[in-house]
Structures are given as C-alpha cells and as structure tokens.
1. Hey, any hits in the stretch 45-67 for a residue that's more than 29 Å from Ala162 (Cβ to Cβ), open to solvent by less than 40 Å² (accessible area, probe 1.4 Å), at pLDDT 90 or above and not small (Gly, Ala, Ser)?
2. May I ask you to say which residue of Thr169, Thr120 is among the hydroxyl-bearing types (Ser, Thr, Tyr) and within 21 Å of Gly66 (Cα to Cα)?
3. Within the group Tyr78, Tyr71, which residue is open to solvent by less than 60 Å² (accessible area, probe 1.4 Å), at pLDDT 95 or above, closer than 30 Å to Gly160 by Cβ and not in a loop (DSSP other than H, G, I, E, B)?
4. Looking at the stretch 129-177 only, could you name the residues that are out of contact with any helix residue (DSSP H, G or I) (no Cβ under 9 Å at 6 or more places or on another chain), open to solvent by 90 Å² or more (accessible area, probe 1.4 Å) and not in a helix (DSSP H, G or I)?
5. Quick check on Leu32: is it at pLDDT 90 or above and either part of a loop (DSSP other than H, G, I, E, B) or open to solvent by less than 70 Å² (accessible area, probe 1.4 Å) (or both)?
6. Examine the stretch 57-66 for a residue that is of a type in the set (S, T, N, Q) and in a helix (DSSP H, G or I), and state whether such a residue exists.
7. Quick check: is even one residue across the stretch 106-120 closer than 12 Å to Gly73 by Cβ and either modelled with pLDDT of 95 or more or not aromatic (Phe, Trp, Tyr) (or both)?
8. Only one residue in Leu116, Leu94 is in a helix (DSSP H, G or I), in contact with a His (Cβ under 8 Å, 6 or more places away or on another chain), over 29 Å from Asn57 (Cβ atoms) and in contact (Cβ under 8 Å) with a residue 40 or more places away in the chain. Which one?
Amino acid sequence: MVVTLIIACEVGFWLLLAAGLALRYLAGMPRLGAAVLLCEPALELVLLAVTAIDIKNGAEPSWTHGVAALYLGYTVAYGRYTIRWLDGHAAHRLAGAPKPPGPGYGKARAVHEWKLWTRTLIGAAVAIGLLQLAILYVGGDGDVSRLETMRYVALRILGGHAIAAACYTIWPKKAPDGVEAA
C-alpha cells in the first residue's frame, strides 16, 4: 500500500505541477496557478500520515516505509527548487520570459553542485530523522532492521553526491568554444 501511495504522490506532484504551470502561463490565471502549486505539500503530508498510520496499525516496518522517508526527504530538500526551476523554464517557453541562467562552467558550476549537495544533505537529514522517529515509534518489540538499513541508503546517496560535486571541483566543466565561463 505504501509503494502505491508513493507512486500516486509522485504522479500527483507532476500533475499538480503541470496544472499549475498551465494555469499560470497558458490560461493566464497566475493566482490560480500559484494556488494549485501550493497544494503540492499536501501530497507529502498525506504520505507521511498514511505511513505513520500503517506502522501504528501493526504493519511490519519494511523497505517501503524507508522509501517513503527518503521520498519525503527529497521533497523537502528539492521540491521548491524543482518547482522554481520548471517555473522559470515554463515562463521562458510559454510567456516569452528570458531564458533562465544555467549552472555555468568552471568554478560557478562547482559552487552550484555543492549547493545541490547541500540540498541532498538536508534531504538525507530529514529522511534519517523520519526513519529514526519510526524506529523509536516501533520500539524494541518490532523488527526495525529494514528502517535502519534505509538510513545507510540515505548516507550512501549523500556520499555519492559528494563525490560528484568533488569531481566538478577537481575537474571543472569547461565552457564550449565561444562561450565565456562565469
């Protein structure tokens, strides 16, 4: 049930995002579009509540509960960023706004990658915090080994992203010929 809800939340996220942007830029109703975009966090609250209720009703904590925590961590860290990024590109393509600047090259790109890593750090911290709360909630009576394992998944994701950001620092992305690096 939790996996189905995670998938439904992800699909709902993209549907609400598409509807909000369409209302803003295609239908010319920016306030209604913004209101639809503000409904996004409600999906995550539903996922959090259903996951907690599932565990409270005696479900054996499993990897699905761990994935829900990782998903919620990602949404907290990257949700607003993703919406802003897509909003900028929709404004450019649909409303004639200037093209949003990219992450750049060289040092600017490395700084951008470390800022993204900071978001991943926040997401991992949220996920690990939620997992720890679930472990404490279940207590010593239940098998929480899968939840404990998911904490290490969050840390591996964080470590992998740190390696990627370090690569951009050590081997900066060079600007193509004719393009000035920031």
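The values are calculated or read from the model by the stated rules, or taken from the named source; none is laboratory data. Here the structure is a predicted model, which means the values were calculated and not measured. Cβ atoms come from the backbone with ideal geometry, glycine included; neighbour counts cover every protein chain shown. For accessibility, only protein heavy atoms count, side chains too; no ligands or nucleic acids. Shrake-Rupley method; radii C 1.70, N 1.55, O 1.52, S 1.80 Å.
1. no
2. Going through Thr169, Thr120 in turn, the sole match is Thr120.
3. It is Tyr78.
4. Those that are out of contact with any helix residue (DSSP H, G or I) (no Cβ under 9 Å at 6 or more places or on another chain), open to solvent by 90 Å² or more (accessible area, probe 1.4 Å) and not in a helix (DSSP H, G or I): Trp171, Asp177.
5. In short, no.
6. The answer is yes; a qualifying residue exists.
7. yes
8. Result: Leu116 is the single residue among Leu116, Leu94 that is in a helix (DSSP H, G or I), in contact with a His (Cβ under 8 Å, 6 or more places away or on another chain), over 29 Å from Asn57 (Cβ atoms) and in contact (Cβ under 8 Å) with a residue 40 or more places away in the chain.
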